[in-house]
Amino acid sequence: MADRNLTTVEALAVLQKNSDQLFLVVTGLFVFFMQAGFGFREAGSVRSKNTTNILIRTMLNVFISGIAYWSIGYAFAYGTPSNFFLGHSNFFLSLPVVDVTHARWFFQFTLAATCVTIVSGALSERVEFAACLVYAMLISGFLYPVVSHWAWAPTGWLRTGAGDKGLVFPNFSRPLFQDFAGSGVVHMTGGAIALAGAIMVGRRIGRFEGRRAVRIPEHNVPLVSLGTFMIFLGLLAFNVGAQGTISRSGSGEAVSVITVNTIISASIGVCVCSSPGLVAMLMKRVGILGKPNWTYLSAANGALTGMVSVAAGCDMVYTWGALVIGTVAGLTYCVWSRLLQALRIDDPVDTIAVHLGGGFWGLVAAPILSRNGIIQEVSTMNLKVRFDRFLPTIKRVFTKEKKQKS
């Protein structure tokens, strides 16, 4: 009986481990498939003569990232031992496999490749293949791994040190830096690099006449639409896969919450009619931050910005919080898009507005709107600024003023 029970326990442990690995691999596959969406979206958004260049570059970005992340990237991100800045072991995945190491590597690789492709979108029609090779290696091999180590590795300085010390928020137990699924680590990092790259490579010929932006129309809107829906699916898997496990108690519920919050943030639907896609589209229609027009790209980018923004707190916000994040995300996209045009920065697919603007708002919103965040502390009267510390000082000041007047 003892051997039989032990066998059962061992079998359950194997099933648990296999389930977690399958979960990471399947969600990673969907995120990997998102690369096709990026390729279609970029190819349809540019002039037809550049389509082949875009598709080849998208493929190169993925597989160059695979080599770079396998050789040095994963070691910098999650190698142990490590310090607050980066890891420094397990290069080339040389150490013995522990639990879900390979499955975790695959999922994290798809995030690194996504970060690279974000940059690629902003530089469309202006980058040589040699430059593509260089920035793909640099981002996936060093820049993204270091940032992910800061936020997600057990010793990273953002994970261990970016919390409140209890002076202003005495009962606020969750760190003020929250990034569950990569609003900052993936999207904002990629968007920031894209902004720097777009400034460095300059504008396409004919994009601006003086201070006026000239629209260069996309050559294939159905291709853009198909790519956008692939990205929608990939971003759902992106946020869900960040859960990392499916076998623990509560994992299924957590995955369900993440999925619902991501959908709500992207498009709350006709009942409330305040999805970021609709907000962005309405702002374009009434002429706020641009000429009055209905555009598919505005709605699609607004929805994408909602998914990007909610990623930081999709596991910890209520549905109303996802609604707030998504609505502001649509406004954020419009503001950033207009600002980039005013600064004469050329971004053919509005990558910077979606990922940098949306990622930044997501990092700001997560600690405010999460279930044990600042709003929750206020609503339960647990936010204490320790007026008792300041009240005696205020009384002494008023007492001195009265004495001076007398």
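The values are calculated or read from the model by the stated rules, or taken from the named source; none is laboratory data. None of the values given here were measured: they were computed from a predicted structure. No Cβ is skipped: glycine too gets one built from the backbone with ideal geometry, and neighbour counts run over all protein chains shown. The protein model used for the area step is the full one, side chains on, heavy atoms only, and it has no ligands, DNA or RNA in it. Shrake-Rupley method; radii C 1.70, N 1.55, O 1.52, S 1.80 Å.
Quick notes on this structure:
- Kirkwood hydrodynamic radius over Cα pairs of the stretch 8-383, then Stokes diffusion coefficient at 10 °C and 1.306 mPa s, in µm²/s: 76 µm²/s
- Of 150, 157, the residue with the largest accessible area leads and the full order is 157, 150 (1.4 Å probe).
- Sequence of 369, 12 when ordered by accessible area, the most exposed leading, probe 1.4 angstrom: 12, 369
- Given a 1.4 Å probe and the protein chains as shown, residue 142 ends up with an accessible area of around 80 Å².
- The calculated FRET efficiency for residue 226 paired with residue 95, based on their beta-carbon distance and R0 = 45 Å, is about 0.65.
- Solvent exposure of the stretch 8-383 amounts to 42 Å² per residue of accessible area, where only protein heavy atoms count and the probe is 1.4 Å.
- Ranking 336, 320 from most to least accessible surface, computed with a 1.4 Å probe over the protein chains only, gives 320, 336.
- Measuring only protein heavy atoms, the 1.4 Å probe finds residue 97 accessible over about 90 Å².
- Using a simple spin-label model with pseudo-atoms 7 Å out from Cα toward Cβ, residue 71 and residue 248 lie 3.5 nm apart.
- Computed over Cα pairs, the Kirkwood radius of the stretch 1-108 leads via Stokes-Einstein (1.002 mPa s, 20 °C) to a diffusion coefficient of 128 µm² per second.
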